[in-house]
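This report concerns only the one structure given below.
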Amino acid sequence: MIVLGIESSCDECAAAIVEDGKTILSNIVATQIPFHREFSGVVPEIASRKHTEWIYGVVEEALSRAGKTPRDIDGVAATARPGLLGSLLVGLTFAKAFAWARRVPFIACDHILAHLYAARLLGKNGKNEKGGKNEKCGENEKNLPYPYIGLLVSGGHTIICRVDDFDSVEVLGTTIDDAVGEAFDKVAKHYGLAYPGGVYIDEAAKHGDDGVFAFPMPKLHKGAHLCDVSYSGLKTAVVNQLEQFRKKGRAGEINPCDIAASFQKTAVEILLRALLRASRGSGINTIVSGGGVAANSYLRSRLAQYAGLNCIFPPLELCGDNGAMVAGIAYQYFMRGDKSPFSATASARVKEFKRRYP
Ligand code: KG4
Ligand code: ZN
């Protein structure tokens with residue numbers, strides 16, 4: 001079955017053609033980053049306008065790279081939640097129109113479930129990615145059996161969950177304040193690194209010393225919060241570090257690479273602590289990651305150091321927002337006979353991914 005997947009929840013205008021929920025025939029991601037850079041963040045109004053301008057061309061390109069025409073498409077999917085409402089509506093409405101015109105099934109997908117599905121897709125080399133030096137990593141590359149612990153780390157979400165099926169997830173822990181990607185972006189912005197900051201912090205940290213600054217870990221030791229994370233305290237501490245040096249007229253003494261390395265080390269330790277607790281508590285030792293921060297090289301290498309864990313990451317090009325993960329998960333719904341009505345609408349938030357505390 002050939003599925004067209006469309007993703008427009010934030011600032012990437014993306015479409016992909018995927019066969020049987022696994023093999024990527026094309027994957028086009030048109031990034032709007034240059035249009036949002038001067039504002040150091042995504043401007044919703046600009047995002048939805050750009051999606052409107054680009055979506056037709058992006059889908060055309062995805063079809064052409066896959067060597068397909070609209071007649072070859074057996075089903076269409078788009079991200080419907082969560083995300084920026086105006087942006088979501090562009091992709092969703094395009095997908096509905098395509099499905100109606102071609103008389104093929106249409107499904108409205110969840111962005112978080114799609115990110116968690118990304119590692120099940122086969123990358124350029126026909127494999128999903130191993131987590132570094134850990135020999136156990138990638139053991140189940142071709143067919144990841146459920147259940148596993150899902151680690152969704154992006155600009156908008158930080159979720160640790162038990163994944164029992166492509167659409168069945170139990171949230172074990174979340175951030176109680178900022179998302180991890182948001183913390184990367186805010187720290188980078190404060191220290192004058194480029195936007196969006198995650199990838200620049202990852203790079204700068206390779207040239208820095210992570211022992212120069214000691215940043216605090218959040219105190220999440222109580223039962224209900226064992227698998228939760230928090231990033232607002234870390235972010236404030238890293239920002240204050242610069243302010244303290246500035247007040248003493250010594251701002252020039254701070255090496256941003258040392259800040260990047262020290263911040264990144266703590267940010268990743270926070271994730272690891274919660275992940276290990278989730279793994280121990282559930283008795284599940286396979287971790288499958290997804291979302292933009294899953295591209296982080298330090299996170300990958302730290303996770304690889306745990307010999308008892310089987311860590312699976314999506315290929316780098318499938319960590320950030322893309323249409324292939326949407327087409328991939330859509331195939332699973334179609335196989336089950338599910339489809340969405342044309343009245344399906346978009347939602348900015350999804351309450352199922354909020355933690356319920358006892
Ligand atoms: O999944 P994504 O593309 O969009 C959302 O759904 O939010 O994630 C974007 C986030 C941004 O915060 C970006 O800075 C972060 O992923 N990111 C990274 C890296 N590459 C992207 N964070 C840390 N290290 C990276 N290499
Ligand atoms: Zn995303």
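The values are calculated or read from the model by the stated rules, or taken from the named source; none is laboratory data. Note that the structure is a prediction, hence the values are computed from the model and not measured. Neighbour counts run over all protein chains shown; Cβ positions are idealised from the backbone, glycine included. All accessible areas refer to the heavy atoms of the entire protein, side chains included, with ligands and DNA or RNA removed. Shrake-Rupley method; radii C 1.70, N 1.55, O 1.52, S 1.80 Å.
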Item to complete: Give the value in nm², to one decimal: projected area of the alpha carbon convex hull of the range 1-124, averaged over all directions.
Response: 7.2 nm²
Worksheet item: Counting only the backbone N, which residues of the range 320-358 are under 19 Å from the spot 7 Å out from the Cα of Ala224 toward its beta-carbon?
Response: 351-358
Worksheet entry | Virtual spin-label span in nm between Asn285 and Ile46, 7 Å along Cα→Cβ | 4.8 nm
Worksheet entry | Estimated FRET transfer efficiency when R0 is 30 angstrom, pair Thr236-Lys206 (beta carbons, to 0.05) | 0.75
Practice prompt. Set the Förster distance to 45 Å, then compute FRET efficiency between Lys22 and Met217 from the Cβ-Cβ distance, nearest 0.05.
Written response: 0.70
Discussion item. Rounded to the nearest angstrom and ordered from largest down, what semi-axes does the equivalent ellipsoid of the range 186-225 get from its C-alpha gyration tensor (root of 5λ)?
Written reply: 26, 14, 9
Worksheet item: Per 10 Å bin, what percent of the C-alpha pairs of the range 239-348 does each bin hold, from zero upward?
Response: 11, 27, 25, 22, 10, 4, 1
Worksheet item: How many nm separate the modelled label positions at Lys189 and Trp100, each set 7 Å beyond the Cα in the direction of the Cβ?
Response: 3.8 nm
Worksheet item: What Kirkwood radius, in Å to one decimal, follows from the Cα pairs of the range 297-358?
Response: 15.7 Å
Practice prompt. Report, to the nearest 10°, how far helix 232-247 tilts away from the longest principal axis of the Cα atoms in the chain, using its own Cα long axis and a range of 0 to 90°.
Written response: 50 degrees
Worksheet item: Mind checking the angle between helix 324-335 and the chain's longest principal axis? C-alpha axes, 0 to 90 degrees, to the nearest 10.
Response: 50 degrees
Worksheet item: Considering only protein heavy atoms, what is the solvent-accessible area of Asp72 at a probe of 1.4 Å, reported in Å² to the nearest 10?
Response: 60 Å²
Worksheet item: Which percent of the Cα-Cα distances in the range 136-313 go past 28 Å?
Response: 24 percent
Practice prompt. State the extension gain, in nm to one decimal, for the chain segment bounded by Arg71 and Asp167, taking 0.36 nm per residue of separation less the distance between their alpha-carbons.
Written response: 31.7 nm
Item to complete: Please figure out what share of the DSSP beta bridges in the chain is antiparallel and state it in percent, rounded to the nearest 5.
Response: 60 percent
Discussion item. What is the distance in Å between the Cα centroid of the range 265-337 and that of the range 38-76?
Written reply: 26 Å
Fill in: Where labels lie 7 Å past Cα in the beta-carbon direction, separation of Glu38 and Gln305 in nm
4.4 nm
Worksheet item: What's the Cα-based Rg to Rh of the chain, Rh via Kirkwood?
Response: 0.98
Worksheet item: What full-extension length gain, to one decimal in nm, is calculated for Glu60 and Val350 as 0.36 nm per residue of separation minus the Cα-Cα distance?
Response: 101.4 nm
Practice prompt. Just reorder Lys206, Lys247, Lys68 by solvent-accessible area, largest first, 1.4 Å probe, all chains present.
Written response: Lys247, Lys206, Lys68
Item to complete: Would you calculate, for the chain, the mean residue ellipticity at 222 nm contributed by helices, counting each DSSP H stretch of 4 or more residues as -39,500 (n - 2.57) and dividing by all residues, to the nearest 500?
Response: -12000 deg cm²/dmol
Worksheet item: Which angle from 0 to 90°, rounded to the nearest 10, does the C-alpha axis of helix 256-282 make with the longest principal axis of the chain?
Response: 70 degrees
Item to complete: Quick one: dipole size for the range 1-84, taken about the Cα centre, charges +1 on Lys/Arg Cβ and -1 on Asp/Glu Cβ, in debye to the nearest 20.
Response: 20 debye
Discussion item. Can you compute the charge dipole magnitude of the chain about its Cα centre, using +1 on each Lys and Arg Cβ and -1 on each Asp and Glu Cβ, nothing else charged? Give it in debye, rounded to the nearest 20.
Written reply: 600 debye
Worksheet item: What does the accessible area per residue of the chain come to in Å², with a 1.4 Å probe and no ligands, DNA or RNA counted?
Response: 43 Å²
